[in-house]
Amino acid sequence: MASRRSRYWSDLRARPVFHHQRDSIETHLTVVFAALAVSRLLQNRTGVTIKKLVQTLRVARSATIDVNGQRLTLDPELSPAAREIVDRLPGGH
């Protein structure tokens, strides 16, 4: 179990964070555990390791901009590997 747990932690590359107030510490831990839960869900649904998910999907970003009162959403151009991962998810996203 220890080797399995260390593999997940290394995949997420947790970094030390210095918080001094209890609220900040609890908020940070909530975000970390939520990220772990989402990444494990994606891993289970796609069959792709967390490390590979992060490496492949890191560049997939969208943007929303307002131009002269019109809102435009720019979707990412996915690599074939990223497209394969997204296609494995229910609903394709």
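The values are calculated or read from the model by the stated rules, or taken from the named source; none is laboratory data. Bear in mind the structure is a predicted one, so any value in this text is a computation, not a measurement. Here Cβ is always computed from backbone atoms with ideal geometry, including for glycine, and neighbour counts include all displayed protein chains. In case anyone asks, the SASA skips ligands and DNA or RNA and just uses the protein heavy atoms, side chains included. Shrake-Rupley method; radii C 1.70, N 1.55, O 1.52, S 1.80 Å.
When the solvent-accessible surface of protein heavy atoms is calculated with a 1.4 angstrom probe, in what order do Ile50, Ile65 fall, highest first?
Working: Ile50 0, Ile65 70 Å².
Output order, biggest surface exposure first: Ile65, Ile50.
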Seminar exercise, completed: Here the FRET efficiency for Thr27 versus Thr73, based on Cβ atoms and R0 = 22 Å and rounded to 0.05, is 0.15
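Could you tell me which trypsin sites (Lys or Arg not before Pro) in region 15-93 are loop residues by DSSP with no more than 14 other beta carbons within 10 angstrom of their beta carbon?
On the way: sites: Arg22, Arg40, Arg45, Lys51, Lys52, Arg58, Arg61, Arg71, Arg83, Arg88; in loops: Arg58, Arg61.
Taking region 15-93 and a limit of 14 other Cβ atoms within 10 Å, the loop trypsin sites (Lys or Arg not before Pro) found are Arg58, Arg61.
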